[in-house]
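The values are calculated or read from the model by the stated rules, or taken from the named source; none is laboratory data. All values derive from a computational prediction rather than experimental measurement. All Cβ positions, even for glycine, are placed from backbone atoms using ideal geometry, and neighbour counts span all protein chains on display.
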Amino acid sequence: MNKLEAIKELKKHDHCFITPLGVKKFTEPFGFQGSTYLATDNRSEFKGLDLGSDRKEGDKARGQEAHIVAQQIADKLGVEYRQMLGIGSALRECCSAIEEHLTKT
């Protein structure tokens, strides 16, 4: 997967929690390994994290939120992006800025 393909694919992962393997898939084309953390499923909380139908509240999983992966890539490239409050908007804005950067260079 090349850089542009990685960003276009990442942009589709709106509100997603990505596994460590997925984080590697998206950041490896850019020459680094993105960070992950141990998250807890807290789906009953307002704006809580749902780790999926195969898990229950309180379960833990290592990974990273898609918008954070995009921000890590942008930061690595030195790409400026507009800060957004919503994570879906943050992902789209960040990926769009990276796409623009990649197609101009």
Exercise. Go through (1) among the hydrophobic types (A, V, I, L, M, F, W, C); (2) over 13 Å from GLY22 (Cβ atoms); (3) crowded, with 17+ Cβ neighbours inside 10 Å; (4) modelled with pLDDT of 95 or more one by one and return the number of the condition PHE32 breaks.
Key: (3)
Practice problem: Answer yes if at least one residue in the range 85-104 is closer than 23 Å to ASN2 by Cβ, surrounded by fewer than 16 Cβ atoms within 10 Å (Cβ to Cβ), out of contact with any strand residue (DSSP E or B) (no Cβ under 9 Å at 6 or more places or on another chain) and at pLDDT below 95, and no otherwise. | Solution: yes
Practice problem: Identify all residues within the range 73-84 that are among the small types (Gly, Ala, Ser) and surrounded by fewer than 18 Cβ atoms within 10 Å (Cβ to Cβ); write none if there are none. | Solution: GLY78
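The rows are residues; the columns are (1) over 14 Å from the mean Cα position of the chain (by Cα); (2) surrounded by 15 or more Cβ atoms within 10 Å (Cβ to Cβ); (3) of a type outside the set (A, V, I, L, M).
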residue	(1), (2), (3)
LYS12	no, no, yes
HIS15	no, no, yes
ILE18	no, yes, no
VAL23	no, yes, no
PHE26	no, yes, yes
TYR37	no, no, yes
GLU45	yes, no, yes
ASP50	yes, no, yes
Exercise. State whether the residues of the range 71-80 include one that is assigned to a loop (DSSP other than H, G, I, E, B), modelled with pLDDT of 95 or more and at positive phi.
Key: yes
Quiz item: Among the listed residues SER35, SER53, SER44, which satisfies the condition of being without any contact (Cβ under 8 Å) to a residue 60 or more places away in the chain, part of a loop (DSSP other than H, G, I, E, B), touching a strand residue (DSSP E or B) at 6+ places or on another chain (Cβ under 8 Å) and more than 15 Å from LYS12 (Cα to Cα)?
Solution: SER35
